[in-house]
Every structure is written in structure tokens, then in C-alpha cells.
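Enquirer: Take a look at this one; I'll ask things after.
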Amino acid sequence: MRRTSPGVIALLALLSAGAGYGFDHLLTVTGRATFTPSVFLPVLLLLLAAVVLALAWPVRRSVRGGARIDPFRALRASTLARASSLLGAILAGFGAGLLAFLSTRPVPAPVGSTVAMVALIIGAVVLIGAALIAEQFCTLPKDPDDREPDDPAA
């Protein structure tokens with residue numbers, strides 16, 4: 001399993017920023033209030049970041065200590081880390097799109113909604129960072145008898 005590419009994270013963030021901007025624009029055109037994320041969402045993202053790191057830490061400890069590693073546990077932690085990094089990219093982009101729409105309006109946005117969107121972006125970026133660190137923790141060392149499929153050596 002390969003690590004999450006920074007290009008994929010950037011692409012998801014860019015696409016979801018466009019979606020967030022378009023969503024707020026659609027709400028405004030139809031006469032509704034703009035979307036403001038809950039203030040508890042950044043807290044939830046920070047808790048998720050802590051859980052991802054906590055689940056990946058035993059895998060890192062076993063890799064460094066030379067102890068036997070349960071590969072399924074490492075795979076589960078790595079998969080959760082990858083999904084969390086993608087979720088963080090989507091939410092950071094969506095929050096950036098919402099914030100970009102609010103900042104381009106002629107009427108100043110309420111401070112509470114701006115703070116909520118900035119907090120969402122910060123929480124999502126922290127989640128991305130924690131998830132990428134957790135993915136690195138879950139990288140298992142190669143076995144000496146493993147070889148690449150295209151390796152000509154028998």
C-alpha cells in the first residue's frame with residue numbers, strides 16, 4: 001500500500017473548495033442564508049487526529065522495537081490514516097471555499113461564521129498532518145526475501 005500523495009490531497013482540496021464556493025453561491029442565489037459549519041466540527045477533527053495517532057503509535061513502537069507486528073492492525077491503522085487525510089483535504093477545501101465566498105461578498109460576514117470557517121480549516125489541516133504522520137508510523141520495513149514483481153533477479 002502506497003502512502004497518500006500530496007497531489008491527491010491538493011486536488012481534493014481544490015475540488016472541494018470549488019464545491020464549497022458553489023454551494024454557498026447556490027444558497028445565496030435561492031435566497032437562503034449561507035452555510036456556517038458547527039463550532040464542534042473542528043473539535044471533532046482534532047479528536048479524530050488524536051485517535052489516528054493513538055492507533056498508529058503501537059505499530060510504530062513494534063517496528064522500532066523489532067517486536068512481532070500484526071499486519072492487519074498495521075493495515076487498519078494505515079487505512080484509517082489514509083481516509084482521514086483525504087477527509088481532512090475535503091473539509092479544508094470546503095471550508096476554504098466557504099470562506100472565499102464570504103470574503104468576496106459586498107456585505108461583511110458575521111465574525112462568528114468567519115471564525116467557524118477558519119477553525120474548520122485549521123482543524124482539517126491538523127487532521128491531514130496527523131494522518132500523514134500516522135501513515136509514516138504504519139510503514140512496515142521490507143523483508144529481505146521480498147522482491148519487486150518486475151525485478152529480474154530470481
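Enquirer: Would you mind counting up the charge near Ser78? Only other residues with Cβ under 14 Å from its Cβ, with Lys and Arg at +1 and Asp and Glu at -1.
Expert: Net charge around Ser78: +4.
Enquirer: Further question on the same structure: What FRET efficiency comes out for the pair Ala50/Arg73, r = Cβ-Cβ distance, R0 = 25 Å, nearest 0.05?
Expert: 0.90
Enquirer: Under 25 °C and 0.890 mPa s, how fast does segment 6-137 diffuse according to Stokes-Einstein, given a Kirkwood radius computed over C-alpha pairs? Answer in µm²/s, whole number.
Expert: Once the numbers are plugged in, D ends up at 155 µm²/s.
Enquirer: So what is the 222 nm mean residue ellipticity for the chain from helices alone, if each DSSP H run of at least 4 adds -39500 (n - 2.57) and you divide by all residues, rounding to the nearest 500 deg cm²/dmol?
Expert: Values: 4 runs with 111 residues, N = 154.
Estimated from H runs of four or more residues: -26000 deg cm²/dmol.
Enquirer: Additional query: Among 48-55, 95-102, how do they line up by average Cβ neighbours within 10 Å per residue, starting with the highest?
Expert: 95-102, 48-55
Enquirer: Provide, as a two-decimal number, the C-alpha radius of gyration of segment 13-64 over 2.2 N^0.38 Å, N being how many residues it has. Please list the in-between numbers first.
Expert: Values: Rg = 18.2 Å, N = 52, 2.2 N^0.38 = 9.9 Å.
It is 1.84.
Enquirer: Could I ask something else about it? Residues of segment 29-52 with amide nitrogen under 17 Å from the 7 Å Cα-to-Cβ point of Thr114?
Expert: It comes to 34-37, nothing else.
Enquirer: Another question, then. In whole Hz, with x marking every Gly and Pro, tabulate ³J(HN,Hα) for segment 17-27 from phi via Karplus 6.51 cos²θ - 1.76 cosθ + 1.60, θ = phi - 60°.
Expert: Working through the residues one at a time gives 5, x, 5, x, 5, x, 5, 5, 5, 4, 4 Hz.
Enquirer: Still on this structure: Report the FRET efficiency, 1/(1 + (r/R0)^6), for Val107 and Leu14, where r is their Cβ-Cβ distance and R0 is 30 Å, rounded to 0.05.
Expert: Once the sixth-power term is evaluated, E becomes 0.65.
Every number here is computed from the coordinates shown, using simple stated rules; none is lab data. Quick caveat, the model's predicted, so the values are computed rather than measured. Here Cβ is always computed from backbone atoms with ideal geometry, including for glycine, and neighbour counts include all displayed protein chains.
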